[in-house]
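Enquirer: Let me give you the structure first, and then I'll get to my questions.
Only the coordinates and a few stated rules stand behind these numbers; no lab work does. All values derive from a computational prediction rather than experimental measurement. With ideal geometry, Cβ positions are generated from the backbone for all residues, glycine too; neighbour counts draw on all protein chains shown.
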Amino acid sequence: MKPLAILKTTITLLFFQQTFSQETKKETAQPQYTIENCVNHFELEKATKTKVGYQYWFGDKNFTQENTLKMSIVEPGKSTHAPHHHVEEEFFYILEGTAEFYLDGKTKTAGPNTSFYCPSNMEHGIKNAGTTDLKYLVIKKDLR
């Protein structure tokens, strides 16, 4: 076979290989939901250690179809991150401790059984304003 013919054949094979591989990509399979994996009891040994405490995902974006639920525990005087914003709206629900909630330049301090709402794209943050661990839930819609 002549070099030009080999080159044409190689290019043709690469073209078809690339085209075929793009057409056969599989989408990520949705999880199969059962009573066993739809009930999630908090277990400290399954929590993820952070710089300021730990977090536990009850439902993350890889499992749920739309919403996430996370529990964060933050040491006194610390926050998980600086004030920020994102397109997803978000709820915080205080379980234990004292939280300082920052929203659009203002702060509010509150304790257990209080919720804080963060509208889409508004700068917000939460930190532990108390002397004991702050424990709160984070509920957010997953915009895939």
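Enquirer: Would it be correct to say that residue 106 is surrounded by 15 or more Cβ atoms within 10 Å (Cβ to Cβ) and among the basic types (Lys, Arg)?
Expert: Taking the combined requirement at face value, the residue does not satisfy it.
Enquirer: Right, something else. Scan segment 80-93 and give yes if some residue there is in a strand (DSSP E or B), free of Cβ contacts under 8 Å to residues at least 60 places away in the same chain and under 28 Å from residue 32 (Cα atoms), otherwise no.
Expert: For segment 80-93, residues in a strand (DSSP E or B), free of Cβ contacts under 8 Å to residues at least 60 places away in the same chain and under 28 Å from residue 32 (Cα atoms): present.
Enquirer: Could you check, for segment 63-80, whether at least one of its residues is more than 21 Å from residue 131 (Cβ to Cβ) and touching a Ser or Thr at 6+ places or on another chain (Cβ under 9 Å)?
Expert: no
Enquirer: Same structure again: Need at least 1 residues that are under 25 Å from residue 61 (Cβ atoms) per element, so show me which strands (runs of 3 or more DSSP E) inside segment 97-139 make the cut, counting only ones lying wholly within it.
Expert: Qualifying strands (runs of 3 or more DSSP E): 99-103, 115-118, 124-128.
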